[in-house]
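K.L.:
Okay, handing you the structure first.
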Amino acid sequence: MNLQTQIPLQKEAHHQIDYTSKLFLLGSCFSENIGNKLSYYKFQSVQNPLGILFHPKAIEHLILNSINAKDYTEKDIFELNERWHCFDAHSQLSNNVKEELLHNLNEAIKTTKEQLTHSTHIVITLGTAWVYRYISSDMIVANCHKVPQKQFLKELLSVDEVTESLESITALIRSINPNASIIFTVSPVRHVKDGFVQNQQSKSHLITGIHNVIEPRKNIHYFPSYEIMMDELRDYRFYKEDMIHPNQTAIHFIWEKFVYSWFNESSLSTMKRVEEIQKGITHKPFNPNSEAHQKFLDKLKFKQEQLQKEFSFMSF
């Protein structure tokens with residue numbers, strides 16, 4: 001008995017991911033989940049230098065600023081509740097010291113430019129088409145930082161606006177990196193604070209906008225993480241207690257689908273070797289001073305050294 005409907009996936013025939021690949025992930029919190037998996041398996045990956053970015057305009061703004069080598073100054077930040085913030089960045093970059101915030105913002109711009117230029121795969125996860133426009137500057141922000149809502153106008157990006165933003169994102173990337181694989185996906189995390197109906201409308205705008213720009217022959221692709229969560233995993237046992245965010249089982253399930261679609265066979269055996277080491281590192285012995293445990297540590301160290309000889313960028 002088949003108790004699931006499955007999203008049909010094709011294995012990518014070209015531009016597959018392996019341990020020589022350099023991956024850059026931008027966007028909603030689901031890109032962080034995939035990014036954490038890539039980090040765990042010791043791929044060459046960087047994720048969200050400015051923190052989580054939820055909508056396409058924020059991602060477009062970051063890419064444009066990085067290509068133009070924007071220099072953040074005091075006019076780009078503000079103080080609220082004894083912390084300094086920037087409307088372009090997630091609150092995880094906010095800081096008690098404004099100089100540190102400015103330094104981190106400018107380092108993030110440099111990192112983004114570096115990654116956009118040299119990455120082989122750029123994964124962009126969109127979370128919402130709802131945006132907030134700061135009234136005093138008439139600019140769409142990436143994060144409101146708990147500034148009173150009356151200072152913003154809430155807007156829903158139309159399908160055309162999403163499409164235009166994604167076209168700008170791809171054109172900007174291509175201007176400095178014509179060969180990178182660009183992979184779009186939609187976060188399965190529902191933004192229920194916008195309303196259930198409004199969330200569905202938002203996701204539909206994102207999905208339609210993405211399908212207006214994807215073109216595999218031009219190395220612009222779509223990975224159906226949203227569809228996998230909504231259809232194959234349509235049960236609340238795959239959610240965290242908030243009933244909104246995918247739990248670890250769901251994240252791992254979608255990760256395996258991503259691996260199937262995009263990773264080449266040679267990388268799979270290396271992933272198994274990395275996983276053995278990662279599990280060994282977290283192993284808690286009954287007797288840390290025993291001879292058996294010392295032999296285990298020696299064997300673990302040997303496995304690490306062997307991998308690092310093959311892949312000098314790996315560190316454990």
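K.L.:
Under a 5 Å amide H to amide H cut-off, with H placed in plane at 1.01 Å, what residues pair with ILE17 once short-range neighbours are removed?
P.N.:
Residues meeting the criterion, in which the H sits 1.01 Å from N, are PHE263, ASN264.
K.L.:
If R₀ is 45 angstrom, what is the calculated FRET efficiency for the pair HIS283 and SER158, using the beta carbon separation as r and rounding to 0.05?
P.N.:
Efficiency, rounded to the nearest 0.05: 0.30.
K.L.:
Now for a different question. Bin all alpha-carbon pair distances of region 128-213 at 5 Å intervals from 0 and give each bin's fraction as a whole percent.
P.N.:
P(r) over region 128-213, rounded to whole percents: 3, 13, 19, 20, 20, 14, 7, 3, 0.
K.L.:
Over region 79-196, what portion of Cα pair distances is larger than 24 Å, expressed as a whole percent?
P.N.:
When all Cα pairs of region 79-196 are counted, 41 percent exceed 24 Å.
K.L.:
Hey, which of these cross-link pairs are over 19 Å Cα-Cα: LYS110/LYS146; LYS70/LYS150; LYS154/LYS203?
P.N.:
LYS110/LYS146; LYS70/LYS150
K.L.:
Apply the Debye scattering formula to the chain, with a single equal point scatterer on each alpha-carbon and no solvent, then give log10 I(q)/I(0) at q = 0.08, 0.12, 0.14 Å⁻¹.
P.N.:
Debye intensities relative to I(0), on a log10 scale: -0.41, -0.90, -1.16.
K.L.:
How much space per residue, in cubic angstrom, does the convex hull of the C-alpha atoms of region 226-304 take up?
P.N.:
It comes to 122 Å³ per residue, whole-number rounded.
K.L.:
What ranking do 276-283, 202-209 get when scored by the average of other Cβ atoms within 10 Å per residue, highest first?
P.N.:
Listed from highest to lowest mean packing, they are 202-209, 276-283.
K.L.:
Angle, helix 248-262 long axis vs. longest principal axis of the chain, Cα atoms, 0 to 90°, nearest 10?
P.N.:
90
K.L.:
Could you give the Stokes-Einstein D for region 151-301 in µm² per second, using the C-alpha Kirkwood radius, 20 °C, 1.002 mPa s?
P.N.:
Rounded, D is 112 µm²/s.
K.L.:
If you don't mind, another one. Mean-square fluctuation check for the chain, GNM, Cα pairs under 10 Å: which of SER261, SER290, SER225 is largest?
P.N.:
With Cα springs under 10 Å in the chain, the top fluctuation among SER261, SER290, SER225 is at SER290.
K.L.:
If you don't mind, there's one more thing I want to ask. Using only the alpha-carbon atoms, how far is helix 56-67 inclined from the longest principal axis of the chain? Give it as 0 to 90 degrees, nearest 10.
P.N.:
On a 0 to 90 degree scale, this one is about 80.
K.L.:
Would you mind checking which residues have amide H under 5 Å from LYS22's amide H? H placed 1.01 Å from N; only 5 or more apart, or other chain.
P.N.:
THR120, HIS121
K.L.:
Going down the table (LYS193/LYS279; LYS218/LYS303; LYS42/LYS295), which pairs top 32 Å between alpha carbons?
P.N.:
Those over the limit are LYS193/LYS279; LYS218/LYS303.
K.L.:
Show me the GluC sites (Glu not before Pro) within region 26-114 that DSSP assigns to loop and that have at most 14 other Cβ atoms within 10 Å of their Cβ.
P.N.:
The qualifying sites are GLU82.
K.L.:
Give me the distance in nm between label points sitting 7 Å out from Cα along the Cα-to-Cβ direction at THR73 and CYS144, one decimal.
P.N.:
3.0
K.L.:
Over the chain, what is the percentage of antiparallel beta bridges among all DSSP beta bridges, to the nearest 5?
P.N.:
Counting DSSP beta bridges with both partners in the chain, the antiparallel share is about 40 percent.
K.L.:
Still on this structure, please answer the following. What list of ³J(HN,Hα) couplings, whole Hz, do you get for region 111-128 from phi and the Karplus terms 6.51, -1.76, 1.60, once you set θ to phi - 60° and write x for glycine and proline?
P.N.:
4, 4, 4, 4, 5, 4, 6, 10, 6, 8, 9, 10, 9, 10, 10, 9, x, 7
K.L.:
Among ASN95, HIS283, SER261, whose Cα projects farthest towards the positive end of the dipole of the chain, with charges put on the beta-carbon of Lys, Arg (+1) and Asp, Glu (-1)?
P.N.:
The listed residue farthest towards the positive side: HIS283.
K.L.:
Let me ask another. Please report the accessible area of ASP160 (heavy atoms, 1.4 Å probe, ligands and nucleic acids excluded) in Å², nearest 10.
P.N.:
About 110 Å², ignoring ligands and nucleic acids.
K.L.:
Still on this structure, please answer the following. Under 10 Å, Cα contacts only: if you run a Gaussian network model on the chain, which one of ILE59, ILE124, ILE34 comes out with the highest mean-square fluctuation?
P.N.:
ILE34
K.L.:
What does the charge dipole of region 150-307 about its Cα centre add up to, to the nearest 20 debye, if the Cβ of each Lys and Arg holds +1 and the Cβ of each Asp and Glu holds -1?
P.N.:
Dipole about the Cα centre, nearest 20: 520 debye.
K.L.:
Please work out the ratio of the alpha-carbon Rg of region 91-136 to 2.2 N^0.38 Å and round it to two decimals.
P.N.:
Compared with the compact-globule rule of thumb, region 91-136 sits at 1.54.
K.L.:
Can I ask one more? Give the long-range amide H neighbours of ILE183: residues separated by 5 or more places, or on another chain, with amide H under 5 Å away, using H modelled in the peptide plane at 1.01 Å from N.
P.N.:
ILE122, VAL123, ILE124, HIS221
K.L.:
Report ³J(HN,Hα) in whole Hz for each residue of region 240-245, in order, from the Karplus equation J = 6.51 cos²θ - 1.76 cosθ + 1.60 where θ = phi - 60°; Gly and Pro get x.
P.N.:
After applying 6.51 cos²θ - 1.76 cosθ + 1.60, I find 5, 4, 6, 6, 10, 8 Hz.
K.L.:
At a probe size of 1.4 Å, how large is the accessible area of TRP84, to the nearest 10 Å²?
P.N.:
So the heavy atoms of TRP84 present about 50 Å² to solvent.
K.L.:
In what sequence, largest accessible area first, do PHE223, PHE311, PHE316 appear using a 1.4 Å probe?
P.N.:
PHE316, PHE311, PHE223
K.L.:
Over region 182-260, what number does the Rg to Rh ratio reach, with both radii from the alpha-carbon atoms and Rh per Kirkwood?
P.N.:
1.00
K.L.:
Quick one: if the Förster radius is 22 Å, what FRET efficiency do ARG83 and GLN151 give, using the C-beta to C-beta distance and rounding to 0.05?
P.N.:
Once the sixth-power term is evaluated, E becomes 0.80.
The values are calculated or read from the model by the stated rules, or taken from the named source; none is laboratory data. Note that this is a predicted model, so its numbers are computed, not measured. Virtual Cβ from ideal backbone geometry, glycine too; neighbours counted across all protein chains shown. Just so you know, the surface numbers come from the protein's heavy atoms only, side chains and all, with ligands and any DNA or RNA stripped out. Shrake-Rupley method; radii C 1.70, N 1.55, O 1.52, S 1.80 Å.
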